[in-house]
Every structure is written in C-alpha cells, then in structure tokens.
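Enquirer: Mind having a look at this structure? Questions to follow.
Read the figures in this text as sums done on the coordinates, not as results from a lab. From a predicted model like this one, the values you see are computed outputs, not experimental measurements. Ideal geometry is used to build each Cβ from the backbone, glycine not excepted, and the neighbour counts take in all protein chains shown.
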Amino acid sequence: MNWKGRGGDLYTKRNSPDIDKRAKWFDKILPKDIDNVHEIGCNKGHNLVAIKKVRDVKIYGCDLNKNALKIAESKGVGIVEPYNEDLILVSGVLIHQNPIDLHNMFEDLNFASDYILMIENKEDSIRTINTRWYKNAMWVMNFGKEYVDRFPMWKIVKKGWVNGKKGSGDFTAPLTDTKTGFHPDDYYWLLRRK
C-alpha cells in the first residue's frame, strides 16, 4: 500500500469517523494529567480533534500522506515528528507495519514521556489480513504485549475492547455502526512508563 500516494489519498477520502462519538470514548479512558498529545499516523487529525474536545491539550501529529496532513493542519493539528509528548497515540497504524519492521515504529513510541495509547486490532498470534482495500498490507497480533515484552520500562495500566467486546472480525465494517466511532474490532492498550 502506498500511503504517500494514491492509496493514502483514497484512505483519507473514505476515513470520516464521528468526532463526537470518539470524543466521548476518549474522555472515558484518557488520563487527566496530560498537556500534549501526538498521534503517529494522524491522517486528517480526527482523533486529535476529538481529544481536544475533552482535554485542554496541545495536539500534534505526523503522517506519510501530505494531503491528509494539510487537512489535519487546517483543524489545528501541529505537524511535527514525535518528541517527548505526554501521550503518544497510534490508531490503526501498527496493523499496517510488517511485523519484521515493527521495532522502528515501537522506537518512535518511546518518545512519549508518560503514556502510549494503542488502538489496534488484536489477536494472540500474528496473522495477515487481506480485504478489498488491502492485500498483504495488514497484520494483526497482540501489539500491547509485544511492545511491553520488548520495552519492559512500560507497563499496561488499562486495556480492553473499544466497543466493550470483541467484534465480528469484519475488517471492512463501517466506522459509523458503533457507539464509539471506532472500528468494531479495535482493541486498546494504555501504557504508562514505569
């Protein structure tokens, strides 16, 4: 998948979750002691805008797709690489990293000073997912456990299904069909530095 080019542009065009639904969900799980948030793979900035609705924080992001970044910037997202933010977020990004290359992405998460929030699909073993949009460009695994195994200075402080239970396994289900505005199969991990 070419996230910088046409593939990323198509994803950006169809990626329009309900910001208000997401804001309500973020309000329930985000720590109160954060002043700034950075999202790696922020796309149009919808998660950051939702967070800004419920926390008085500065919001930053980065993404491979320049068209998505222009939209995010127009919504008040500061476009920078991660560096020492209180919380770093990844949502639906790790699933597009070949497991062989995960270490580099995990290293970027280590820039967080206090928290990491992962919102990713979860399975106990690594599996490649092929959908109508992705061919050999999506993998599921237990990302939170894998991260903590590699970086034991972090601990899991919260985890659970975004929508309260494991979803159907339909990786193409509409985002609008859930009360949270997230994919029905997303799982979250909130990690805190020890």
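Enquirer: Per the Kirkwood treatment, what hydrodynamic radius in Å, one decimal, follows for the chain from the mean inverse distance over all distinct Cα pairs?
Expert: 16.6 Å
Enquirer: Can you list the aspartates and glutamates whose alpha carbon sits under 17 Å from that of Lys58, skipping same-chain ones fewer than 8 residues off?
Expert: Counting by Cα, and skipping residues close in sequence, Lys58 has these aspartates and glutamates nearby: Asp27, Asp33, Asp35, Glu39, Glu73, Glu81, Glu85, Asp86, Asp114.
Enquirer: OK, next. Here are some pairs, Lys21/Lys75; Lys24/Lys158; Lys4/Lys158; Lys32/Lys179; Lys21/Lys52; which of them have Cα atoms lying more than 25 Å apart in this structure?
Expert: The pairs that break the limit, which is 25 Å between Cα atoms, are Lys4/Lys158.
Enquirer: Within the chain, which DSSP H helices have Cα atoms that stretch 18 Å or more along the helix axis and a mean Kyte-Doolittle hydropathy of at least -1.0?
Expert: Membrane-span-like by this criterion, though nothing is claimed about a membrane: none.
Enquirer: Same structure, new question: Neighbour counts of other C-beta atoms within 10 Å: give me Glu123, Glu85, Glu39 arranged from fewest to most.
Expert: Glu123, Glu85, Glu39
Enquirer: Exposure proxy check: Cys62, Cys42 ranked by fewest other beta carbons within 10 Å?
Expert: Ranked by crowding around the Cβ, least crowded first: Cys62, Cys42.
Enquirer: Going by how many other Cβ atoms sit within 10 Å of their own, how do Val37, Val162, Val148 line up, fewest first?
Expert: Val148, Val162, Val37
Enquirer: Could you work out how far apart the two model spin labels at His103 and Asp124 are, taking each label as a point 7 Å from the Cα in the direction of the beta carbon, and quote it in nm?
Expert: Computed distance between label sites His103 and Asp124 equals 2.7 nm.
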